[in-house]
Each structure stands twice: as structure tokens, then as C-alpha cells.
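What follows is a single structure, written as C-alpha cells, with notes after it.
Please treat every number below as a calculation from the coordinates, not as lab data. These numbers were taken from a predicted model, which means no experiment stands behind them. With ideal geometry, Cβ positions are generated from the backbone for all residues, glycine too; neighbour counts draw on all protein chains shown.
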Amino acid sequence: MTATSLAAPAAPADEISTYISAATKAAWEVKGLPAGTPLKPIKKVGVLGAGTMGGGISMNFANVGIPVTIVEIQQAALDRGLGVIRKNYQTSADKGRFPQEEVGIRMGLLNGSLNRADLADCDLVIEAVFEDMAVKKDIFADLDRICKPGAILATNTSYLDINEIASVTTRPEDVIGLHFFSPANVMKLLEIVRARHTSDTVVATAMDLAKKINKVAALAGVCPGFIGNRMLSKRGLPAGALLKAGAMPWEIDAAFNAFGFKMGPYQMSDLAGLDIGWKPGAATANPLRDMICERTPRRGQKSGAGYYDYDENRVGRPSPEVEAIVKEFAAKSGVAPRKVTQEEILEECVFPMINEGAAILEEGMAQRPGDIDVTWLNGYGWPQDKGGPMFLGDKVGLQRVLDVTERVSKTVPEIAVSNLLRSMAKDGRKFADLLPQPLKV
């Protein structure tokens, strides 16, 4: 393969367009769901949390005329959240996306409250607070007491075990994951996560509701990170291993930019904030990030410095200070230094993701390879001309994916080679050969 092979389109444009269209259509079909499964009427929605996620989620429903009660714990936070929503609507109206009077109409559908009891008459309540299991379980136990019988109780968690969250309720059949992507009023993907006891009616209602609020749905089972974030973690681990071998963050990002991602992993980290998950003095699973946060006031774009240095317009450039830190980190790691090409960077970061997609299919946590591709195309900025990770795997050949993944797994033990990938490569099969399967919940 040439040094630019992965950066090239995976297939002719018309073939990719046809595939994406078919995969998106198929993703709406829930295997094993009885025909004529009744739907729950969703006439009023409750959202817990008025922050970035809660506000964006609420806008989706107001946009289609569904009233929303937004609950916060402090008036200042509630006022701030509603103010951001109004500003977003006003900006859209000023740009001509809808008439000016729509700002007032949509804001009129949003009711702020500091009392969870005001969620009692909602048909659907979505929890959108920070990722802490104890907090979420406390909330769901409270919602179980407050909400009317038959109300759907949904969590926006991006990673946590929804079966555990549902266990504190007396109605686990009404609990589901509705994982919106930030900004929730813009991003198309809605990852719908079916827990062990989620009823057919609740699944069918969630899929129907996704269409009503103009989302693209992908159904997933309960596993750490579900589909998208589970695969994303297998991109970050090899990237970290490359840093130990002497690669620089901007070299890795440049490879992903050439592949077609608007942002590479370290550009994304700077945008999100390096201090997410970091605590002063504590050792985490990301020691390089810890070194950067501990030794310098580098928190990402918001502080003007992260993996990159930023100017007043938030334009990043490689940082000599970070380069020195990475070299120190690499020297301490004991990993033999090596020079890597962009092609090697992409292979070693992208192919383990495809391998993890195979593991997700093997475990029955996704219905079909196309659902995985729909997830990545609509929620993670996967370049359209690559068709999705599973589509790309078929195009480059699963034996090549297997060979690279096996090599990476020797230095990154958290990456386990999928038995499904191994057997498919041996038999010369493709992901496109797999038949849809119901989720194994």
C-alpha cells in the first residue's frame, strides 16, 4: 500500500453515497421488534439539567412543538441555561433560519423549575447531569417516585451502565439510554441504548421520537461506551503508545486531518478541555495529560494553551513546551523510539477501532455493521468519503486490519483481538456479509 492509501477515498463517491443511504435507512429497523408494537404518546418532556447538554436536548423538543420542563438545582444555573437557549434561537432567527417570532414561540414551550416534582406529568424525562453513577442512581430513584406510571425515564449517559441505573427503579422496563451528542441541538446522532429490561414499546417509542426531532438513530446495547465511545477509546490508546515512541501530538493530528477528520484526538482534547477527568496531584490513566496539567497552566483552548499554543483567535500551533514534556514522557516510558509515517499512524489508531467494532458485533451490542458506521458518520465526524469504519475495513481487507491490530495489541494490552475479526479474515469474508441480528440484552 502507498503512504497515502488510507487518506484516499475508500471507494467511488457514488458507491459510498449509496452505502451510507442504505445504512442510514436500515438503522431505523429494530430486529426482533414485533410488528405493530404500540407507542407511548410523548406530549410533554422533562429534562434534568440546564447546562450545555440539557439545554441542547431541550431545544430539540421545543423545535418540533413539544413543551419541555427543565429542572435545575440553582436559579442562577437555570437562568444561565435558558439565556443560552434564547441566544441560540435569536442567532438562528437573525441568520434567517426561521422567522423572528419563532424565538418567542419556542421559548414559550420551555418552562424552568427548581423542583423535580414539576416533572410528575411528563411523558418522558431525560437526565442530563454529569457522569457520576451515584448521582444518577439518586436521581432515578427520585424520578421513580415522582413520575407518573408509564413515563419513560431516560439517561443521557455516554458511558455508564444503564442496567445499574435502572436497578434503583421499580420500573426498569421504562428505562432507556438516549445519548445525545454535543451540541445536542446540532449533532444528528441519537444513540439509543436498550437496557436489559427495556420494553419493546419504549424502544419503539424512542426510535419514533428520534425521527420526530430530526435525529439519525442507532440502537446499541449496554456495554462501556456503547458503540461510539467504546470504539473511540481504542483510538486513544494506540495514539498514546505512539507518543511514548516519540511521535508528537500534532503529528498524530495531522494524520487524522489528512484522513478527513476536522479534528484529531489532541485537537479534540484541547477543545474539550484537558482538565476533564484530571485532579491536581492524582495519577490517572493519562499520565502525559497529568504532566501537562500539573506543570503548566495548560487546560486547552479555553486557557490559551493545551497540547497546542493558541492565539487570540484560538488558532493552534505546535508548542515547544509540550514537545519537551512529550520527549521527557517518552524517555521515561522505556519504549524504543521510532519514526512513524502518517499511514502507520492511521493504521495503528484506526484499525483497532474497526477491531472493536467487530467485538461489538460479536457481543451483539449492535445490530449490524452499518449501524456502527451510521454512529461514526453522524456523531464523531468520520469523513464521508471513507463510508464508516466497518465499510473501510471491508475495503482495505480484514486481513490487513487483523495483522495491524495483532501487532498493536502486543504493545497496548488493553486492545484484545476480536474472535469475529480473526475468523472473518481467515475465511475471506467481509462485514457486509453479516446478517442483521437482534441485540443481546
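Remarks
- The trypsin sites (Lys or Arg not before Pro) found in segment 243-304 that occupy coil by DSSP, while having at most 10 further C-beta atoms within 10 Å, are Lys262.
- Extension gain, Asn229 to Arg80: 0.36 nm times the residue separation minus the Cα-Cα distance gives 50.8 nm.
- For the pair Arg407 and Val441, the difference between a 0.36 nm per residue extended length and the Cα-Cα distance amounts to 9.0 nm.
- Each label was represented as a point 7 Å from its Cα along the Cα-to-Cβ direction; for Ala283 and Ser5 these points are 4.0 nm apart.
- Values [x] 156; [y] 143; [z] 536 are given for comparison; volume of the Cα convex hull per residue in Å³, derived from the coordinates here, is the one labelled [x].
- Evaluated at q = 0.19, 0.25, 0.28 Å⁻¹, a Debye calculation over the C-alpha positions of segment 306-363 (equal weights, vacuum) places log10 I(q)/I(0) at -0.91, -0.99, -1.04.
- Percentage relative contact order, segment 269-398, counting C-alpha pairs under 8 Å, at least six apart: 13 percent
- Residues His179, His197 in ascending order of nearby Cβ atoms (within 10 Å, fewest first): His197, His179.
- Cα-based convex hull volume of segment 45-226 per residue, rounded to whole Å³: 98 Å³
- Of all DSSP bridge pairs formed entirely within segment 45-226, close to 15 percent run antiparallel.
- With at most 16 other Cβ atoms within 10 Å, longest stretch of the chain clear of loop GluC sites (Glu not before Pro) (DSSP): 132-311
- Mean-position separation - Cα centroids, segment 212-265 and segment 292-369, in angstrom: 9 Å
- Helix-only arithmetic for the chain: the sum of -39500 (n - 2.57) across DSSP H runs with n ≥ 4, divided by the residue total, places the mean residue ellipticity at 222 nm at -14500 deg cm²/dmol.
- Virtual spin-label span in nm between Thr52 and Phe98, 7 Å along Cα→Cβ: 2.3 nm
- Ellipsoid semi-axes in whole angstrom, largest first, where each is sqrt(5λ) of the Cα gyration tensor of segment 358-414: 21, 14, 11
- For the residue pairs Lys87/Lys137; Lys148/Lys215; Lys95/Lys395; Lys188/Lys327, the C-alpha atoms sit more than 31 angstrom apart in Lys87/Lys137; Lys95/Lys395; Lys188/Lys327.
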